[in-house]
Amino acid sequence: MNGWTGQFLRVDLTTQTSRVVPFTEEFAHTWIGGRGFAAKILYDELQPGIDPLGPENKLVVAVGPISGIPAPNTGKTIVAAKSPLTNSYGDGNLGTRVTDNIRKAGYDALIVEGRAARPTMLYIEDERVEFLSAEEVWGKGTYETNDWIYGRYGKGVGVLNIGQGGENMVRYAVVRSMEGRSGGRPGIGAVMGSKLLKAIVVKGSKPIPQAFPAEMKALGRDDLREVHQMDKDAAWSIQGTTGVLPWCNEVAALPVRNFRLTHHPEAWKVDGERVAAARIATYGCPNCTMRCGIAVPDDEGRESELDYENVGLLGPNLEIFDLPQMAALNYLCDDYGLDTMSAGAVMSFYADAIDHGAVAGDLRFGDAAGFKKLLTAIAHREGEIGNLLAEGTQRAAQAIGNGSEAYAMQIKGLEISAYNCKFIPGMALAFGVSPIGAHHKESWIITYEVKQTPRGSYGRDKAQKIVDLQRIRGGLFEAIVTCRFPWVELGWGVEHYPKYFNTITGLDWELEDFWPYSDRVYALMKLFWLREHPQTSRRDDYPPAVWFDPSNVDTDGPIAGLHLEYDKYDELLGHYYDIRGYDQRGIPTRATCERLGLAAEVAAAEKVARLT
Ligand code: PTT
Ligand code: SF4
């Protein structure tokens, strides 16, 4: 089968056994790879209601047909499981040398089941699968663990590992790879920890099956060169994603003080220019010339790799405007293997709850030393507060009560990315309808909305734009599994990707042929949600109450006095459901599911939940 190895590797940590599972061409063409494979496997194999941190949960590591092929930015891999934060399908996409190694080892996905009896490192080299002791690095951070693995196997192997956050099952622990990549915001690192799986190491030696390898080699080489030139012209990788911060500040979209404020006069102190000036190293994923991982020294001189999301949520949102201090929080998240975004959001929520008198405490916004101590307590689940905040913002707010749910900045259990949507209705909706919780990755409509439309409008065009972007971002890129940044940041045409896909698989797909696939996988993620949350309503697709609150409006700047409106948001949500063919609870109708080839999946959902 060209383009796919045609095989998964199923590994059982409880019995320390493994077996190769073949899949059909029809399966490959229906689910393509990456997120499609992961969502389908988890939907079929997990019983509804299982504990995401129990041995019944499964970890899926999946690549797509383009992953690992020398072409622009193809070094990405999906890590997925039932999320401990959302209790539904969760995944993340990280740059790693696992990507090409797993395909060269002969697999398109790993399915890891059960729970090891003691801390374990899984070693996979082609057909060889070993269950090795990881006791020596259990309790250690991700940097030391990574070095320990490189010391044994060299730097060419693919590594996925967790830190103390994952070991202690902090619900927003991530999976780490290479020197600075992280993925799996919805707690995929915690799932690894629950299985006592400290690391996965993959090494492969076989060629990746391709229909036209010589043509792909030439195409990939030429396109890598072109993207590199575009990147140099745009000077994009000098600031990486941190370059967007001044714009967010200027248009009042920055999260400041637990999203209370939307801009701050000191924000420039942690912006892209300051990050570029402090840069001491640059990192990138495999097969990437854009190299957006900009590292700066933290307050102890340690390399800390920054992105806009990390800066936004660990800097302004905690009112920390000192770059080395903020970089120290980022470094700790990376070493403990905690999601920077959720960690920043949960700490800002706690400081806000203290501020409001909802809970007693002496932590204040701006107290970098206090936040550092708190992060360490969270990663180790130390003390009542460390343990509580390790549960994530939604659960912490439920425990604290006293009205704190209104400013718990999460949707469906996942903390909101660093875009303050107090008066950006389309982006608020994009967060609201993201099937994995409030992640910007599914549909980043904010620039279209702020630059090209009346910002406060709630027109159907915005719902349509969200669907269009979801099809490309959450659909196409997460299925073929490549980085979307050449397209997002440099304008590298999305039509290049079917070209790679066809050269590798020998198929003849147009761009539009990917949309039914994208719609299928979005509908499946929603059915997953429904099976786990049978009482779901459209309220699950709403952002936090503070964005609608007239007493929470800005008093100055471009959106002074403005806020979201419930009835208009609800109408926009209705448009989204309508375009997608979902009912008014936000669930795909039976007719929609059947049209997308999901008849069996709907039947499975109907066993536990009512469809219209
Ligand atoms: C991603 C999320 C993001 S999205 C960021 S910054 W971004 C945060 N990065 C973290 C980090 O770093 N350390 C840490 N301990 N936690 C972190 N949490 C946050 O995780 C990432 C890049 C980025 S940087 C983005 S937008 C793009 N995301 C892509 C995507 O989702 N799909 C895709 N096909 N291509 C993408 N390209 C870009 O990749 P999650 P990475 Mg990450 C240190 O994984 O779970 O999706 O969360 O993967 O390899 O580090 O690349 O301004
Ligand atoms: Fe990785 Fe950044 Fe390159 Fe994308 S642009 S592949 S995230 S280094």
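Every number here is computed from the coordinates shown, using simple stated rules; none is lab data. Quick caveat, the model's predicted, so the values are computed rather than measured. As a convention, Cβ positions derive from the backbone with ideal geometry for all residues, glycine included, and neighbour counts pool all protein chains shown.
Multiplying the residue separation of residue 385 and residue 604 by 0.36 nm and subtracting their alpha-carbon distance yields 74.9 nm. In terms of packing, defined here as the mean over residues of other Cβ atoms within 10 angstrom, the peptides 569-577, 278-286 line up highest first as 569-577, 278-286. Could you work out how far the C-alpha centroid of segment 7-23 sits from that of segment 272-342, in angstrom? Here the answer is 37 Å between Cα centres. Shape class of segment 454-542 from the alpha-carbon gyration tensor: oblate, with a/c at 1.5 or above and b/c at least as large as a/b.
Max-minus-min Cα coordinates of segment 189-245 on each principal axis give 46, 43, 14 Å, with the largest extent listed first.
An oblate overall shape is assigned to segment 59-173, the ratio a/c of its alpha-carbon gyration tensor axes (a ≥ b ≥ c) being 1.5 or greater and a/b not exceeding b/c. Compared with the rule-of-thumb size 2.2 N^0.38 Å for a compact globular protein, segment 355-397 has a Cα radius of gyration ratio of 1.13.
Around residue 564, under 10 Å between beta carbons, what's the net of Lys plus Arg minus Asp minus Glu among the other residues?
Within the 10 Å Cβ shell, the charges total 0.
The value of relative contact order for the chain, using C-alpha pairs under 8 Å at least six residues apart, is 15 percent. Here residue 373 is the anchor, and the lysines within straight C-alpha reach of less than 19 Å, apart from those fewer than 8 places off in the same chain, are 140. Cα-based values for the chain, radius of gyration first and Dmax second, are 22.4, 66 Å. Loop-located chymotrypsin sites (Phe, Trp or Tyr not before Pro) across segment 73-134 with a Cβ neighbour count of 16 or fewer within 10 Å are lacking, with loop assigned by DSSP. For every other residue with a beta carbon closer than 9 angstrom to the beta carbon of residue 438, add +1 if it is Lys or Arg and -1 if Asp or Glu, then tell me the sum. Within the 9 Å Cβ shell, the charges total 0. Electrostatic tally near residue 41: other residues with Cβ closer than 13 Å to its Cβ, Lys and Arg +1, Asp and Glu -1, net -1. Computed over the alpha-carbon pairs of segment 329-376, the distance histogram in 5 Å steps reads 5, 23, 32, 22, 12, 6, 1 percent, short to long.
From most to least packed by mean Cβ count within 10 Å, the peptides 66-79, 37-50, 324-337 give 66-79, 324-337, 37-50. Taken about its Cα centre, the chain carries a charge dipole of about 960 debye when Lys and Arg each add +1 at the Cβ and Asp and Glu each add -1 at the Cβ. Peptides 439-445, 163-169, 412-418, ordered by how many other C-beta atoms sit within 10 Å of their residues on average, highest first, read 412-418, 163-169, 439-445.
Reducing segment 153-167 and segment 456-481 to their Cα centroids gives an inter-centroid distance of 33 Å.
Short to long, the 5 Å bins of the Cα pair-distance histogram for segment 220-370 hold 2, 10, 18, 20, 18, 13, 9, 5, 3, 1, 1, 0, 0 percent of all pairs.
For residue 607, a cut-off of 21 angstrom between C-alpha atoms picks up these lysines, skipping any fewer than 8 places away in its own chain: 40, 82, 526.
Our analysis of segment 465-612 gives Rg over Rh at 1.06, with the two radii drawn from alpha carbon positions and Rh computed by the Kirkwood formula.
Any idea what log10 I(q)/I(0) is at q = 0.16, 0.17, 0.24 Å⁻¹ for segment 311-409, Debye with uniform C-alpha scatterers and no solvent? So the normalised log intensities work out to -0.58, -0.66, -1.34.
With semi-axes defined as the square roots of five times the eigenvalues of the C-alpha gyration tensor, the equivalent ellipsoid of segment 275-320 measures 21, 14, 8 Å, largest first. Shape class of segment 406-488 from the alpha-carbon gyration tensor: oblate, with a/c at 1.5 or above and b/c at least as large as a/b.
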